[in-house]
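First up is the structure itself, then whatever we jot down about it.
The values are calculated or read from the model by the stated rules, or taken from the named source; none is laboratory data. Predicted model, so just to flag it, every value in this text is computed and none were measured. Heads up, the Cβs are rebuilt from the backbone with ideal geometry, glycines too, and the neighbour counts pull from every protein chain shown.
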């Protein structure tokens, strides 16, 4: 008997110098999971430019949950990553027919306008981003052939499982929903990137891509995942549920109303959308904004800048946010980390009302530049109107008078002449047919007795 073969030796760890490690840490900070980290490290170790793509299907109206990936994309850009944003309108169409091809085309224009406005509000220059539409390459001969090749090695079970948390599910899914995950995997090859970025809800599609692309002869890519932020009522923040999310164009009053009604139980730190938004968006953004001030040569500790950053003038160095409270309730409290604010909330030292107040102020501060851009840009407004046209007004029920009802009946029944005779004959034929179809009463009674 031959001796069992020795297990394959593990690949040696990739060594990074201090600057390269700092870049890697910036790329991967505040993420929930990283698959294939060595793919990124190997590029950094050779001082090569790392590239990625983030895709969004142009379906429902984008909401502030998008701040989670967009804030992370700002990190990628700062780290020198070449970022491509895919406006996936064909994916949007494939997702259970949520929109027609004509509608998703309008939504591409709206998403593009909106994302540019949001990045500007974050202080992120959009000239470092590449915006790509799915139909730019997904309808090519080469892509179509690869799609067929991928379909030939993917089972129905695997395709359905991969899209379970992303594509609308049903007991009898359309074939279109099964194409969705494979196309997302192929996009990595056709966009020529080193990693794909998305929410942790995309994990099954990402693992499918890692398995399938090498079988087609293409390189395996890395996958970086941000955490999902719960909606205002708990559960996933969704474009299709207006009560679970805040729209980028919601008015300041609407934001205040929705935050006030949001689930934020005292001392409860689980499934808390308000706290989660601070962790995933507001605290990272505070850090980024302070860094942007330093890069511009401004003093973050000046009274003017502290006021813009929601930090009181007398707050200690390192403070990221000050929650102003009445002296009766403990007075102002300063936080340097998210952990501090979570601990205070868990202990009851921080009341939900105070947390909601600062959250409302900070979110409205982020949205105001977006609302202003929208109000001043006619093309932006036209894109929004075409992408999400208002529903038609409900038809009012008008009670008809007796005279109107008689007039309608008179139109249905000819009064005299050949038309009247024809109408009468048609009625007789209909009655005769109905009578002929009825079972014989005597036969029915005898059958019952039998």
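Out of curiosity, is residue 258 in contact (Cβ under 8 Å) with a residue 12 or more places away in the chain, more than 30 Å from residue 380 (Cβ to Cβ) and assigned to a helix (DSSP H, G or I)?
no
Given 355, 350, which one is in a loop (DSSP other than H, G, I, E, B) and more than 30 Å from residue 107 (Cβ to Cβ)?
Sole residue among the options that is in a loop (DSSP other than H, G, I, E, B) and more than 30 Å from residue 107 (Cβ to Cβ): 350.
Looking at 405, 396, 372, which is the one that is assigned to a helix (DSSP H, G or I) and modelled with pLDDT under 95?
Just one listed residue meets the conditions, 405.
Is it true that some residue in the stretch 339-346 is more than 21 Å from residue 288 (Cα to Cα), in the same structural domain as residue 272 (by TED's automatic domain parsing) and without any contact (Cβ under 8 Å) to a residue 12 or more places away in the chain?
For the stretch 339-346, residues more than 21 Å from residue 288 (Cα to Cα), in the same structural domain as residue 272 (by TED's automatic domain parsing) and without any contact (Cβ under 8 Å) to a residue 12 or more places away in the chain: present.
State the number of residues belonging to the stretch 270-308 that are outside any helix (DSSP H, G or I), within 27 Å of the chain's Cα centre (by Cα) and surrounded by 13 or more Cβ atoms within 10 Å (Cβ to Cβ).
The qualifying residues number 2.
Which condition number does residue 78 fail, the rest of (1) at pLDDT below 95; (2) closer than 24 Å to residue 137 by Cβ being met?
(2)
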